[in-house]
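Working notes, structure below.
The values are calculated or read from the model by the stated rules, or taken from the named source; none is laboratory data. Given the structure is predicted, the values throughout are model-derived calculations rather than measurements. Here the Cβ positions follow ideal geometry from the backbone for every residue, glycine too, while neighbour counts run over all protein chains shown. For the accessible areas, the whole protein counts, side chains as well, though only heavy atoms, and no ligand, DNA or RNA atoms are used. Shrake-Rupley method; radii C 1.70, N 1.55, O 1.52, S 1.80 Å.
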Amino acid sequence: MRKDVRILLVGERLDSDVLVYNSIIYVPRPAATVVSRYSLFCFAARVGKTSLIMSLVSEEFPDEVPLRAEEITIPADVTPERVPTHIVDYSEAEQTDEQLSQEISKAATLHFMLFFQANVICIVYAVNNKTSIEKVTSRWIPLISDRTDKDSRVPLILVGNKSDLVEHSSMETILPIMNKYTEIETCVECSAKNLKNISELFYYAQKAVLHPTGPLYCPEEKEMKPACIKALTRIFKISDQDNDGILNDSELNFFQRTCFNTPLAPQALEDVKNVVRKNMSDGVYDNGLTLKGFLFLHTLFIQRGRHETTWTVLRRFGYDDDLELTQDYLFPPLKIPPDCTTELNHNAYLFLQSVFDKHDLDRDCALSPEELKDLFKVFPYMPWGPDVNNTVCTNDQGWITYQGYLSQLTTYLDVQRCLEYLGYLGYSIITEQESQAAAVTVTRDKKIDLQKKQTQRNVFRCNVIGIRGCGKSGLLQAFLGRNLMRQRQIREDHRSYYAINTTYIYGQEKYLLLHEVLPDCEFLSDSDLSCDAVCLVYDISNPLSFEFCARIFKQHFMDSKTPCMVVAAKSDLHEVRQDYSLSPLEFCRKHKLPPPQQFTCNTVDVPNKDIYSKLTTMAMYPHARLRCLCTCNRCTFCLCQNFLSSDLLQSVKTKLFTAVLNRHVTQADLKNSTFWLRASVGATVFAVLGFAMYRALLKQR
């Protein structure tokens, strides 16, 4: 949101990119983001303060100057940073110190309380009047310091007016003052009569607001502040795309192009590295810039008055004036219509794959605790707890595998959290997208999927419902390949109510997210009902187990279009009669459900995973009442399904129909025995070839 800027002097930006004042050279860089500012400028008496305002507005020196100029507003379209600007004058003859104190307190309060706000106070003195110079330290700076606290310190700019009346500069007198008071940003000498340095005055006032030194650098310690070091370290790690601890020429050029829209020439790259080599021994390694060298460069920029360069980098990577990532960067707008879901697209998968490869240093397709910690150094907190290891697949050492890593990041139920994580990882920077919202695909309405009897989705959610102790947790952990023995090693405080893994349905990889619904109440919430499939689990050894499943089905799913499956858990135990009017098999037949699926995780090896393929198939085809839910790719049903869905058969079918429809069959052909002989031979050959292909496939399986 663009708000007003309250400053005194406004002028055009200099034509030259290099500003030279009293042997001090400043090289400005274009600002990355225009933000809201509140600025107050106060002045000593009879130093030409009102003349500066009048000269600025009329672009000529006024013949008559009032005691105090009225507040002037300059519209945004005539200022370089496209921000509305307010000019405030102060007159000792018309205003009291108390009124001035109120204005200073107001500015400091806004600086402290408002997001992305800042202030700048310009103190004007006459270069030909020693008394006005003395008042800078004896009156104005103490008055401002008494009205502001340390946390809301307002930057100051010293303005030496009437430079046309003297031949010498006041810089020798002003420099000790600037060294003593760290809140002074810079000093500019100008002349209202000759219109000298009017635009420069505005530039430095604006620079002190848009690119403040305070959040970046501590003048007393002569080093960058911890928050700035932390932000630049994250930027370095994101830019270090091969994670070797240095920025090579290619990475430096990408960084330069990302932040400043222009690459560096080879000689310029060498000049930068030579500057670092001269000042520190470990700033350059293997002809690449190390983290210490990267931080040193930005410290050098700030010390030389080029802190706008550092601010351009910080704001390009999403930071605000408090060196925190902005909400607009972390949570870009994303419209999700009702009954639609979100998934990561192919480019997001490639990005996440590159992030994994970047941190998998030992190339074992798993992230060790050290590698995982290194991956999340770009986060302000550790996003994954120990429960994640029981949510996705891990190796024998308990480390998250590549498949588990993708499963956890690509199937978030909360799309805002997914956008936040991609923001921390620097998705929009590395992929050169406007925001990480470009990584998300909004799927079409589920009603359209039902009408077309097909879906383009890749992630499906299945809620697992059953009484306590019926085997729901075992069903979830078995999905991750863990038998009962391994499940008993899981600590209670590390348990997870989710399990995410991939299944293959007719040769296509799909993600299935299982969610264990706690049976604390019989009335399920909207989130419990919002799913693609329902798994009703009962314990065959508990006679009271199935009655709960039957009641939940009748209350919530009997009239819904959500497909349901009944699972007979703990099938390795002795089955008892359920205390219900119908047996589980009869109940399923009555309500046209698939027969109860036997399941157990009490196995020596990895539990059988056919049941998860069946659940995914039901979620993909909720409109179909499949008699066979098998997707093992081994049985006759799966082979026929794959064959019927193959591109080869579809192309042959299309060509055959085209040939038949385009052929003109006459009455003579129908009466000719040769025609029917050819047709019979063709049909026989086609049938024999099809049967031979089927036998070959079956034998191979």
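Assorted remarks:
- Our note on the geometry: Cα centres of the stretch 172-199 and the stretch 333-358, 52 Å apart.
- 15 Å Cα-Cα reach of Lys609 towards aspartates and glutamates, excluding residues that sit fewer than 8 places from it in its own chain: Glu509
- Local electrostatic count at Thr455 - Lys and Arg +1, Asp and Glu -1, tallied over other residues with Cβ under 12 Å: +3
- Each residue, Arg417 and Ser527, gets one label point 7 Å from its Cα in the Cβ direction; the gap between the two is 0.9 nm.
- Under 27 Å from Lys273, Cα to Cα: lysines that are on another chain or at least 8 residues apart: Lys222, Lys225, Lys230, Lys237, Lys292, Lys358, Lys377
- Given +1 at the Cβ of Lys and Arg, -1 at the Cβ of Asp and Glu and no other charges, the dipole of the stretch 476-610 around its Cα centre is 300 debye to the nearest 20.
- Mean Cβ neighbour count within 10 Å, used as a protection proxy, ranking 49-55, 503-509 highest first: 49-55, 503-509
- Computed from label points 7 Å out along Cα-Cβ, the spacing between Val275 and Thr131 is 4.6 nm.
- For the stretch 523-592, accessible area per residue (1.4 Å probe, heavy atoms of protein chains only), Å²: 50
- Candidate cross-link partners of Lys590 among the lysines, defined by an alpha-carbon separation under 16 Å and a same-chain spacing of 8 or more, comprise Lys554.
- Counted by Cβ distance under 10 Å from Gln598, the other residues give a net charge of -1, where Lys and Arg count +1 and Asp and Glu count -1.
- In this label model, Leu585 and Arg444 are separated by 4.1 nm, measuring between points 7 Å along each Cα→Cβ vector.
- Neighbourhood net charge (12 Å Cβ-Cβ; Lys/Arg +1, Asp/Glu -1) for Thr233: +4
- Förster radius 41 Å - calculated FRET efficiency between Ala227 and Ser560, Cβ distance, rounded to 0.05: 0.20
- Placing +1 on each Lys and Arg Cβ and -1 on each Asp and Glu Cβ, with no other charges, gives the stretch 119-231 a dipole about its Cα centre of roughly 180 debye.
- Full extension of the chain between Cys340 and Asp357 yields a length gain of 2.9 nm, computed as 0.36 nm times the residue separation minus the alpha carbon distance.
- Accessible surface, the stretch 267-359, averaged per residue in Å² (probe 1.4 Å): 48
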